[in-house]
Amino acid sequence: MTADSTWSVRPLGEREARAAELLVRELGVRGATARLLAQRGLGEAAAAARFLDPRLGHLRAPEAAGQGIAGFAAAADRLMAALSAGTVIGVFGDYDVDGITSAAVLAGYLHELGGQVVTRVARRDGGYGFGVADAEALLEAGARLVVTCDTGTSDLPALKLVRARGGDAIVIDHHQVPEGDPTAHPALLVNPHRPDDRFPFKGLASVGLAFYLACALRSRRRAAGLAAPDPKPWLDLVAIGTLCDQAPLLEENRILVRHGLEVLNQRRRPGLRALLVQAGIDSPGPPGAFDPEPRRLDEISVTFKLGPRLNAPGRLGSAQPALALLMARDDAAARLAAASIEDVNRERQRVQELVMVDALAQADALLAAAPERAAVVVAGAGWPAGVVGIVAAKLVDRHTRPALVIALEAETSVGAGGLGRGSARTVAGIDLYQALARCATHLMKWGGHAAAAGVTLAAAEVEAFRAAFELAVEQQLADGGTATGTGTGRRRGGVVVDGLLGAHEVDAGLCEDLARLAPFGAGNPEPLLLLRGMETAETRIVGDKHLKLSLLAADGSTPLEAIAFRQAEHDPGVGRMIDLACLPRVDRWRGQRRVQLEVRALRQHQGAARGTEHPAAAEVAAAEVAAAEVAAAEVAAAEVAAEVAATVTVAYHADDLHG
């Protein structure tokens, strides 16, 4: 059983309960789905319908008067001029997935328009961002317009070099903008965080901005009577870059990712087809040759299977192999590139595991000495800088607080000479950019955004930086931040569930209803529902790490199957009464579909009298009452459910984004 001692249910207020009842009647959704929508601030039918049915036509225009993206129109015009003049355009991408996909989208679409394009991507050993050496390489390749993707906001020396050599530069980025006049930037800066930006949504990843530019180029070409291909086939890369960068899956991002996953499932791109085989998702051969129904690709497939592989080359060296894979035009070249990337990924896993052992030992020791630490900062000599971000994410998962992992130069120790490069990850409610801003005096270079950031500092500053970073996080907590996890439902000391669920409610219809809330991730966490008092009819270990359960409900409902990934050690045994924090899904395998509970946590059933069964008993009782009320409304609305989603439309005057 899980060791968590406290489970709690997110409260459902009276207003939210009433809103959920109306959603059941007006949208025809299940009660569980309606309660989740109401909890997430989507109690109005129109807003909920737009959320459940996101359409490309709902995207807001990036050049709309009074709410456009700052610098966007000028950047699109400059690219059009370069295409018309036959100017060589240099496209530079950062070494992470957002940077690689941004470069692939922009360079690929410019090539489709007949542009002369040269590409280059960052090297991890070259430091963060767009460097002088990168600028020189693109200029030597003939570029007179340089476009940086997912980097460049703070890379002033390299951009000034481009200008000094007679070239122009465009920066497509979403990292925080340093203080100062953005119009004085040496490049045309397209960044939603510019102080003069008026676009309503600030969460676009760089690949989303690159896609918007592709759409703007199409609009301009068509207005000039010129042919231009539809940019929508590039949405698969938009989804991958957005998901892997942990951008908030709300508003524009939700629309782009939902439709991008649909394109991804068409498996059009040779490089991604080959990578899906290497990742073990698809079988070799034509799609469907071995599996009657190819596995459905979703946000989990992207973030846990495709993303790590696309990131691997950039973690250990140059990200060029990943860019070459995404831009491969035939299956033969794609298979070679994917096999090479798989080899690099295995090496990344080996190196990462070595660093992980050391980092976990350091973190455990730090927290054993001071359990109240608000954050964890660890450092090691010779650690490859390319894996520290993954290790930081693992520390966040383990210790449920922000973590920063620093790779020191070989033969360097904390407090001595030499440099260190680090990556930070965080939990919901703690803004890394704000925290690092308070520690800037200890850093040589830093940047990023709220969820992820990178730093460069002298090894001699590590101890002082650790103290300053911990204090900065403590200050955010004191100012109202939280230390809650980013969507797993776990928090320090327990599990948080979104609501109660009766076993009789679980069927394929409910699973499909809940799936409409996806994709899940930053800003739209995966919901957790509590099933209480289930009896284990059978348990078994699958693949050494996973726990399979067959469950019986006290009300005689249909038996349920469940899977608890990487929870073999929590096997309760047969004949036990348990509670589960889970998400019901439809599992598809070799053409078969079945309902399965994906279990995130389980415990012995808390079946004592109300008020004493566990610390959240009062919340559970209130939630049960609200659930019953919504369930009654669900029954009453079964025959009058309105398809509001089919009638909600919003005019958008860039026709190349839809239709």
Filter LYS160/LYS202; LYS394/LYS548; LYS160/LYS445; LYS305/LYS394 down to the pairs with a C-alpha to C-alpha distance above 22 Å, please.
LYS160/LYS202; LYS394/LYS548
Using a 1.4 angstrom probe on the protein heavy atoms only, line up LYS160, LYS202 by accessible area, largest first.
LYS160, LYS202
Which Cα, out of ALA564, ALA453, LEU551, lies furthest along the positive dipole direction of region 428-574 (beta carbon charges, K/R +1, D/E -1)?
ALA453
Pairing the Cα long axis of helix 462-478 with the longest principal axis of the chain, what angle in degrees results, from 0 to 90 and rounded to the nearest 10?
50 degrees
Interchain or sequence-distant (5+) residues whose placed amide H lies within less than 5 Å of the amide H of TYR95 are ALA122
Taking the solvent-accessible surface of protein heavy atoms with a 1.4 Å probe, what is the per residue accessible area of the chain in Å²?
40 Å²
Per residue of region 295-300, in order, report the coupling 6.51 cos²θ - 1.76 cosθ + 1.60 (Karplus, θ = phi - 60°) as ³J(HN,Hα) in whole Hz, putting x for Gly and Pro.
4, 5, 8, 9, 4, 6
Point-charge dipole on Cβ atoms (K/R +1, D/E -1) for region 146-224, about Cα centre, debye to 20:
480 debye
Roughly what angle does helix 97-112 make with the longest principal axis of the chain, taking Cα atoms, 0 to 90 degrees, to the nearest 10?
60 degrees
When the Cα centres of region 203-257 and region 534-583 are compared, how far apart do they sit, in Å?
42 Å
What do you get for the angle between helix 331-369 and the principal long axis of the chain? Use alpha-carbon atoms, 0 to 90 degrees, nearest ten.
70 degrees
Whenever you get a sec, line up ASP397, ASP155 from highest to lowest accessible area (probe 1.4 Å, protein heavy atoms).
ASP397, ASP155
Rounded to a whole number, what % of the accessible area of the chain do carbon and sulfur atoms account for, probe 1.4 Å?
52 percent
Could you work out how far the C-alpha centroid of region 114-147 sits from that of region 294-339, in angstrom?
21 Å
Tell me what the chain gives for mean residue ellipticity at 222 nm when only DSSP H runs of n ≥ 4 count, each as -39,500 (n - 2.57), the sum divided by the residue total, rounded to 500 deg cm²/dmol.
-12000 deg cm²/dmol
Using the Karplus curve 6.51 cos²θ - 1.76 cosθ + 1.60 with θ = phi - 60°, what ³J(HN,Hα) values do you get for each residue of region 499-506, in whole Hz, with x for Gly and Pro?
x, 9, 9, x, 4, 5, 7, 7
Collect residues whose amide H, placed 1.01 Å from N in the peptide plane, falls under 5 Å from the amide H of ALA453; neighbours closer than 5 in sequence don't count.
ALA424
When every protein chain stays in place and a 1.4 Å probe is rolled, ASP134, ASP555 sorted by accessible area with the largest first are ASP555, ASP134
Once phi for every residue in region 233-241 is put through the Karplus expression 6.51 cos²θ - 1.76 cosθ + 1.60 (θ = phi - 60°), the whole-Hz ³J(HN,Hα) values, with Gly and Pro written as x, are x, 7, 5, 4, 6, 4, 5, 5, x
Using modelled amide H (1.01 Å from N, peptide plane; none on Pro or chain starts), what sits under 5 Å from the amide H of LEU500, excluding residues fewer than 5 places away?
LEU530
Keeping all protein chains in position, work out how much accessible area ASP94 exposes to a 1.4 Å probe, and write it in Å² to the nearest 10.
20 Å²
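The values are calculated or read from the model by the stated rules, or taken from the named source; none is laboratory data. As the structure is a prediction and not an experimental result, all values here were calculated from the model. A quick note on method: Cβ atoms are made from the backbone with ideal geometry, for glycine too, and the neighbour counts reach across all protein chains shown. The area values use the complete protein model at the heavy-atom level, side chains included, leaving out ligands, DNA and RNA. Shrake-Rupley method; radii C 1.70, N 1.55, O 1.52, S 1.80 Å.
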